[in-house]
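**Student:** Pasting a structure below so you can have a look.
Readers should treat all values here as calculations from the given coordinates under stated rules, not as data from a laboratory. Nothing here was measured: the structure is a model prediction, and the numbers come from that model. Cβ coordinates were reconstructed from backbone atoms using ideal geometry, including for glycine residues, and neighbour counts include every protein chain displayed.
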Amino acid sequence: MSEMRTRTVKDYSNAPLCLSGRGVTRAFGLGEKRKLAVDHVDFDFHEGEFVSIVGESGSGKTTLSKMLLGLLNLTEGQILFQGKPRDISTGRKQREYWKGIQAIFQDPFSSFNVFHKIDSVLLDCIHMRGGRHLSKEKKIEMMTEACSFVNLKFAELTNKYPFELSGGQMQRLMIARIFLLKPRILLADEPTSMVDACSRATILDMLLDLRNETGMTIIFITHDIGLAYYISDTVYIMEHGRFVESGNAEEVILNPQAEYTKRLISDVPKIHEEWDLSTVDLLRAE
Ligand SMILES: Nc1ncnc2c1ncn2[C@@H]1O[C@H](COP(=O)(O)OP(=O)(O)OP(=O)(O)O)[C@@H](O)[C@H]1O
Ligand SMILES: [Mg+2]
């Protein structure tokens, strides 16, 4: 990967808790057909941590994401937000929760209302963050800054509709939205699937920059263990709805214990050469 940067690995186990799960379970179907898509998983995501959830197709990643976002009920178990049981029992509490957690989905085109011009997509973000009273100049300045963060030119985007953008531009527009919304947690479900390898690296770098600038927690969902290695502090390896292994990305990927993890790694050709370890900069927290 040509755009590879020095990887910084930090231990977040002592950082404040952001999102946790205890026995989180989701079943689909009834009787004989009943199947646990997510099967009693436990996790602790910390503030500022870059977490990857890695697993093959059908392992339950999207089902878990939907539960994390509060879009799908849990069959069993509990989700804790900032250390306390999450309460999204009313519309108002749900909206409050969504100020803290935002998502980028697999298909960026599904995330926008195609009838809203890009200016209004970005303007909405400023308004959601309580910026309705700001002057027009200030709002334009903020939108321009958000666009330049993702290498888009705001002036060229005004008056355009989302469908007039390329897949890569759409992905970047989604990150510009996150830049304006500044949630505490960003959940990114395979955000790179629509773009080529080069813009893929750029987008991952943007997510890292976003985390570094804002201290937000990023939960990155992928089937690509090589990418997870490149980008994350912590990995959770998911197989058939369960976490078979989790921990520091370095430790898990360079010294996998579970057979499933070993298999995922063996599917990535030359993982050790491609992700040149000589550039890894270990910054262990005291
Ligand atoms: N609404 C649903 N009704 C019934 N079964 C479902 C539903 N949603 C997901 N499943 C099943 O749950 C399992 C996990 O699906 P999920 O979409 O979470 O996997 P995934 O890890 O995100 O896969 P991919 O990498 O392909 O996106 C699959 O067996 C799927 O068929
Ligand atoms: Mg999925």
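**Student:** By average Cβ neighbour count within 10 Å, what is the ranking of 146-157, 15-26, 127-138 from highest down?
**Tutor:** The densest-packed peptide leads the list: 15-26, 146-157, 127-138.
**Student:** So which of Lys61/Lys99; Lys35/Lys182; Lys61/Lys182; Lys10/Lys35 end up more than 26 Å apart by C-alpha? Please list the in-between numbers first.
**Tutor:** Values: Lys61/Lys99 22 Å; Lys35/Lys182 36 Å; Lys61/Lys182 24 Å; Lys10/Lys35 37 Å.
Exceeds cut-off: Lys35/Lys182; Lys10/Lys35.
**Student:** Moving on to the next point. Fewest to most neighbouring Cβ within 10 Å: what's the order for Arg172, Arg95, Arg211?
**Tutor:** So the residues, fewest neighbours to most, are Arg95, Arg211, Arg172.
**Student:** Can you sort Tyr12, Tyr97 by how many other beta carbons sit within 10 Å, fewest first?
**Tutor:** Ordered by Cβ neighbours within 10 Å, fewest first: Tyr97, Tyr12.
**Student:** Right, here's the next one. How would you rank Lys10, Lys99, going from fewest to most other Cβ atoms within 10 Å of each one's own Cβ?
**Tutor:** Lys99, Lys10
**Student:** Amide H neighbours of Ala103 under 5 Å, at least 5 residues apart or on other chains, H built in the peptide plane: list them.
**Tutor:** Leu187
**Student:** Please report the relative contact order for segment 30-157, taking Cα pairs under 8 Å with a sequence separation of at least 6, and give it as a percent rounded to a whole number.
**Tutor:** The value is 12 percent.
**Student:** Give me the distance in nm between label points sitting 7 Å out from Cα along the Cα-to-Cβ direction at Asn159 and Tyr97, one decimal.
**Tutor:** 4.2 nm
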